[in-house]
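Taken together, the values in this text are just the output of simple stated rules run on the coordinates, not laboratory data. Please read these numbers as outputs of a predicted model, since none were measured by experiment. Virtual Cβ from ideal backbone geometry, glycine too; neighbours counted across all protein chains shown.
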Amino acid sequence: MFRPANISLQCPQCSFGYQAPVFSIIDVGQTPELKQIFLAGQLNASQCPSCQNVNYLATPILYHDPENEFLGIFMPQQLNMAESQRQKAIGDLTKALMDALPAERRRGYMLAPQQFLTMEGLVEKILGFDGITPDMIAANRKKVNLIQELAVLSDDDIAFNIAVKENEEFLDEEFFMLISSYINTSESQGQTEQAELLAGLREKLLPLTAAGQKIQRQRQAVARLGESPSQDEVLQAVLDADSDELDAIAVAIAPVIDYQFFEALTALIESLSGEERVQMKQKRERLLEVQQNFHQAEEKRLGAAAQIIQELLSAEDIENAVDEMLPYLDRTVLSVLMLNITNAEEKGATAAVARLRSLYDLIVSKIQGAMPPELLLLLKLGEADYPHETRALLRENKEVVNQEFLDILQGNIDQMEAEEGEDEGRELAMRHFRNILTQARLGV
C-alpha cells in the first residue's frame, strides 16, 4: 500500500499553515477505494483548519491499474517543469512503484507510462476501461452544469420549469445520485448552506421528473415499512411492491433479513399459484441478489478496515502512521477497532486492550483535530449533558459561537425534522439541540 506523504501547505485563502496528506502513487490493485476518490476529484484535496477553504494541490500523480495493464502519469502544466525535470519525476515515481512490487508482478508496460497533461485526459482514459465513452462523459459534465443552472433558477418557477422541460433527458437517476453526492460532500466539508440549497433543489425536482417520481415511490415504500417492521409486514410489502419499490425495500431490509425470513418467503411462494407465484419467485431472486451484494460489500469493508488496523499496530511510529492513513480512517475502521477491544476484554488480554484503546483514542483525536471547529463543537455538544455541560462548552468556545455556527445548529435540527418516520432517539436529539440553540442565542 502506498501511503500519502504529509506536506506543509499555506492556505491561499487565509495564509494559514497546516499539514496535509498528499498521494503521489495510486495503485488500484492494492487500494481500489482510491479510484473513486480520484475520479471524484477529491484526491489531494484538503480543508484549511482555519477558514475551511478546500485547497487542491497540483502534483504529479502516477496511476496504476494492473488489471488493465495500464500505467499513466499526470504532470500538471502549472508546475512549469523543464523536460529533464519531468523525465526525472516520471522515472522516480515509476521506480518507486516497481520497487514496491514483487518481481513476478512487474511488467513491460510499466517501463513507459502514458503521460497526461490534463487531469481530464487521465480520467477519461480510466473511465474508458469501465466502458464509459467520451459521449457519456460529456453527458455527465452536462449534468454537473445543469445542477448549477437549476440551482440559480430555483426561485423563479417559470424559468425553472422551462429549464426542467428542456433538459428532461438528463434528469435521470444518475443525475439525482450526482446531486446526493454533492450534498454529502458539502455536509462533510461543513458547507451547510450549500448542502441545504442542493437538498432543496433535489426535493423540488422529484415530482417534476420520471426518475424523481420513481425515487418518491421508493421512499414511500420504505416509509410504509416503519422503523421495526414485523416479518409478516415485510412479506406483505414484498408481495405488494413493483420492481422499483422492491429494489428500495431490498436495500432497506438487507442488514436484517436472515435465513428464517427466506424460509417464510418460500412458504408464501408455495401458497401462491400461476403468474403471482412466478412473480414472487423473481422477487425472491432479487432479494437474494441484493443480500449477497450487501454481504460482499460489508465483508470487503471490514476486511479493508482490519488490514488498516493491522498496519497501524505494526508501525514503528503509530502516530505518524495514523497521520499518513487519515484519509482511510472512517467509521468502519473505528467500529472494527472497538469490536477488537471488546473481544480482547472478553479474553482478559489486558495488554492488547490497552494498546487497542490507545490506538482508538489516537484516531478519534486526529479525526477531531482535522474537523472544522464548528463541527467539532457540534459533535461535543451532542454528547454533553444539558444544561450545565453544554453551557460550559458554549462559553469555552465563544469565539466559534457566531451566526454561522447558529445557522449550522439550526440546519442540523431542520435536517432531523425532515427525516421521515417516528424515531424516539431522533426526537430526543432534536429536543437536546433545540435547547442548546436557545442557550447559544441567549449567550447563557
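Annotations for the structure displayed:
- Neighbour counts of other Cβ atoms within 10 Å put 37, 308 in the fewest-to-most order 37, 308.
- Karplus-derived HN-Hα couplings along segment 226-240 (A = 6.51, B = -1.76, C = 1.60, θ = phi - 60°), whole Hz, x at Gly and Pro: x, 6, 9, x, 6, 4, 5, 5, 5, 4, 5, 5, 5, 5, 7
- In this structure, residue 112 and residue 16 have a Cβ-Cβ separation that, at R0 = 45 Å, corresponds to a calculated FRET efficiency of about 0.65.
- Each helix, a run of at least 4 DSSP H residues, gives -39500 (n - 2.57); summed and divided by the residues of the chain, these come to -21000 deg cm²/dmol at 222 nm.
- FRET efficiency, 1/(1 + (r/R0)^6) with R0 30 Å, evaluated for residue 219 and residue 155 via beta carbons: 0.75
- Working from label points 7 Å from Cα in the Cα-to-Cβ sense, the residue 145 to residue 194 distance is 2.0 nm.
- Segment 1-159 shape via C-alpha gyration tensor axes, a/c threshold 1.5: oblate
- Unit Cα scatterers, Debye sum, the chain: log10 I(q)/I(0) for q = 0.08, 0.13, 0.14 Å⁻¹: -0.64, -1.59, -1.64
- Projected onto its three principal axes, the C-alpha set of segment 315-369 covers 31, 24, 16 Å, listed from the longest axis down.
- Relative intensity, log₁₀ I(q)/I(0), of segment 178-242 from a Debye sum that treats every alpha carbon as a point, q = 0.13 Å⁻¹: -0.52
- Distant alpha-carbon pairs in segment 231-297 (separation over 13 angstrom), percent: 61 percent
- Averaging the Cα positions of each part gives two centres, and for segment 1-79 and segment 179-246 these lie 32 Å apart.
- Sorting 51, 11 by the number of Cβ atoms found within 10 Å of their own Cβ, with the fewest placed first, yields 51, 11.
- Selected from 199, 342, 2, residue furthest toward positive end of dipole (the chain; charges at beta carbon): 2
- In sequence order, calculated HN-Hα J values of segment 207-222 (Karplus, 6.51, -1.76, 1.60; Hz; x Gly/Pro): x, 9, 10, 5, 5, x, 5, 5, 4, 4, 4, 5, 4, 5, 5, 5
- Computed from phi, the 3J(HN,Hα) profile of segment 350-359 under the Karplus parametrisation 6.51, -1.76, 1.60 (θ = phi - 60°) reads 4, 5, 5, 4, 4, 5, 5, 5, 4, 5 Hz, with x in place of Gly and Pro.
- Per-peptide average of other Cβ atoms within 10 Å, ordering 64-73, 385-394 highest first: 64-73, 385-394
- In terms of its C-alpha gyration tensor, segment 135-208 comes out oblate, because a/c is 1.5 or above while a/b does not outweigh b/c.
- Value in Å of the Kirkwood radius, where segment 235-368 supplies the Cα pairs that are averaged: 17.9 Å
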